[in-house]
Amino acid sequence: MADRRDQVRFEGIDGVWATYKIDNSTITYDATKTNGSAQAGMAVTLSGDATVALAGDGEAVIGKLVLVESDNKGNVQVGGYMELPGGDGATLTLGAGIVGDLGAGAAKGYVRAAASATAAELLVASGKIHDASDTTAVVVKF
């Protein structure tokens, strides 16, 4: 039997989830996509009262979009360990708080370490990077 300690995994530990409305612009429902949206698994920010959108460059990240339903509501993981995609050429410093970043083609929903010289980013930074060895699945704990 394989030793379970050979695989380091954090996903879902201390997980907390909440339901939000989606902005129906950067996040859309699509019944043909896994978890109801092509944007599932991406980093989200608040765009209005109880409403989330994909996180843009330097914006606060509140969690990970997990599921989108046909009534334009989404399930968001807002606490615990989660994997989020790193931005295109993002700086991913262990222990650093995160902010939104852009991916290829200026796509929103990615993360990077908050810039330490930018007060506005330090103010909105959240979570901490625990593992950046896979930039497509950066382990963050909120």
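The values are calculated or read from the model by the stated rules, or taken from the named source; none is laboratory data. What you see is a predicted model, and the numbers here were worked out from it, not measured in a lab. Glycine also receives a Cβ, built like all others from the backbone with ideal geometry; neighbour counts cover every protein chain displayed. The protein model used for the area step is the full one, side chains on, heavy atoms only, and it has no ligands, DNA or RNA in it. Shrake-Rupley method; radii C 1.70, N 1.55, O 1.52, S 1.80 Å.
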Within the range 34-58, the residues that are part of a loop (DSSP other than H, G, I, E, B) and under 18 Å from residue 84 (Cβ atoms) are 37, 38, 39, 40, 41, 42, 55, 56, 57, 58
Picking from 90, 96, the residue that is part of a loop (DSSP other than H, G, I, E, B), surrounded by 15 or more Cβ atoms within 10 Å (Cβ to Cβ) and at pLDDT below 95 would be 90
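Consider the range 67-95. How many of its residues are among the β-branched types (Val, Ile, Thr) and within 18 Å of residue 13 (Cα to Cα)?
2
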Over the range 109-142, the set of residues part of a strand (DSSP E or B) and of a type outside the set (Gly, Ala, Ser) is 110, 111, 112, 128, 129, 130, 131, 138, 139, 140, 141
**OP:** Take residue 125 and decide whether it is loosely packed, with under 15 Cβ neighbours inside 10 Å and under 16 Å from residue 44 (Cα atoms).
**Re:** no
Note: among 67, 46, just one is in contact with a helix residue (DSSP H, G or I) (Cβ under 7 Å, 6 or more places away or on another chain) and open to solvent by 20 Å² or more (accessible area, probe 1.4 Å), namely 67
Of 24, 75, 35, the only residue that is in contact with a strand residue (DSSP E or B) (Cβ under 8 Å, 6 or more places away or on another chain), of a type in the set (S, T, N, Q) and on the phi > 0 side of the Ramachandran plot is 35
By residue number, the members of the range 10-33 that are outside any loop (DSSP other than H, G, I, E, B) and open to solvent by 80 Å² or more (accessible area, probe 1.4 Å) are 17, 19, 21
If you go through 105, 74, the only one that is part of a strand (DSSP E or B) and not basic (Lys, Arg) is 74
